[in-house]
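None of the figures in this text is laboratory data; all of them are computed from the coordinates on show. These numbers come from a predicted model, not from an experiment. Heads up, the Cβs are rebuilt from the backbone with ideal geometry, glycines too, and the neighbour counts pull from every protein chain shown.
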Amino acid sequence: MARRALIVIDVQNEYFTGKLPIEYPPTAQSLPNIVQAMKTARESGVPVVVVQHDTPEGAPVFAVGSDGWQLHPDVAALGADLHINKKLASSFTGTGLAQWLKEQAIDTVTIAGYMTHNCNASTIVEAWHLGLAVEVLSDATGALPYANAAGSATAEEIHRAFSVVFHSNFAAVATTRQWADAVSAGNALEKDNILSSNMRARESAVAGGA
């Protein structure tokens, strides 16, 4: 039976009313799922870790003390078993999260919050490197679009591509409902593997060209 902790990453006002609005899945979908995941965790005895990103006062986003830095009220109202503040992307770097999880005998972490491709991705990979099983709630996370010298991608493209990559190796990707059912049943969620994911894509391409 998996010994889980739910890690709720950076559900802060910056992503709702600030300069970095999450676009996909829209927050009207992801926020209720984050709240539901937190309630499911509470009801099931799964510890909840709430993570908050800090930048220095006067920084353009997430400046400590600013409205954008504040946790979204819906998440703040639910509390946490552990509240950590971080300065880098990963929830593990420069925090006591790894030690706390070890003390709680946690072997599986479930990721919700923002952003799919930045703080979530960094946390997922580091958790995997630490030997933890990882789960990602695809409809309780979210991305925003980018355009720079390397090209451009929509929020949906970024979220979808990162989710596919996560599930191929680093984490089991599931909906909040699927995760709640697994928690209730005491089951682990299964991820895929790189070889099978690649072979399926190649077979699909061949079939599409036939």
**Message:** Anything in region 120-154 that is of a type outside the set (A, V, I, L, M, F, W, C), without any contact (Cβ under 8 Å) to a residue 40 or more places away in the chain and either out of contact with any Pro (no Cβ under 9 Å at 6 or more places or on another chain) or assigned to a loop (DSSP other than H, G, I, E, B) (or both)? List them, or say none.
**Reply:** SER122, GLU126, HIS129, GLY131, TYR146, ASN148, GLY151
**Item:** Total residues in region 87-96, condition without any contact (Cβ under 8 Å) to a residue 60 or more places away in the chain and surrounded by 15 or more Cβ atoms within 10 Å (Cβ to Cβ)
**Value:** 4
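Is it the case that some residue within region 106-119 is part of a loop (DSSP other than H, G, I, E, B) and touching a Leu at 6+ places or on another chain (Cβ under 7 Å)? Walk me through it before giving the result.
From region 106-119, those part of a loop (DSSP other than H, G, I, E, B) are 106-107, 115; that's our starting set.
Those left that are additionally touching a Leu at 6+ places or on another chain (Cβ under 7 Å): 107, 115.
Yes, region 106-119 contains at least one residue that is part of a loop (DSSP other than H, G, I, E, B) and touching a Leu at 6+ places or on another chain (Cβ under 7 Å).
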**Request:** Give region 50-64 a look and list any residue that's farther than 12 Å from LYS19 by Cβ and either in contact (Cβ under 8 Å) with a residue 60 or more places away in the chain or assigned to a loop (DSSP other than H, G, I, E, B) (or both), or say none.
**Result:** VAL51, HIS53, ASP54, PRO56, GLU57, GLY58, VAL64
**Asked** Looking at region 91-105, which of its residues are farther than 22 Å from THR176 by Cα and part of a loop (DSSP other than H, G, I, E, B)?
**Response** PHE92, THR93, GLY94, THR95, GLY96, GLN104, ALA105
**Prompt:** How many residues does region 196-210 hold that are surrounded by fewer than 10 Cβ atoms within 10 Å (Cβ to Cβ) and either touching a helix residue (DSSP H, G or I) at 6+ places or on another chain (Cβ under 9 Å) or part of a loop (DSSP other than H, G, I, E, B) (or both)?
**Reply:** 1
**Prompt:** From the list GLU190, GLU157, which one is outside any helix (DSSP H, G or I), free of Cβ contacts under 8 Å to residues at least 40 places away in the same chain and surrounded by fewer than 18 Cβ atoms within 10 Å (Cβ to Cβ)?
**Reply:** GLU190
**Request:** For residues that are touching a Pro at 6+ places or on another chain (Cβ under 9 Å), surrounded by fewer than 16 Cβ atoms within 10 Å (Cβ to Cβ) and assigned to a loop (DSSP other than H, G, I, E, B), tally how many sit in region 65-86.
**Result:** 1
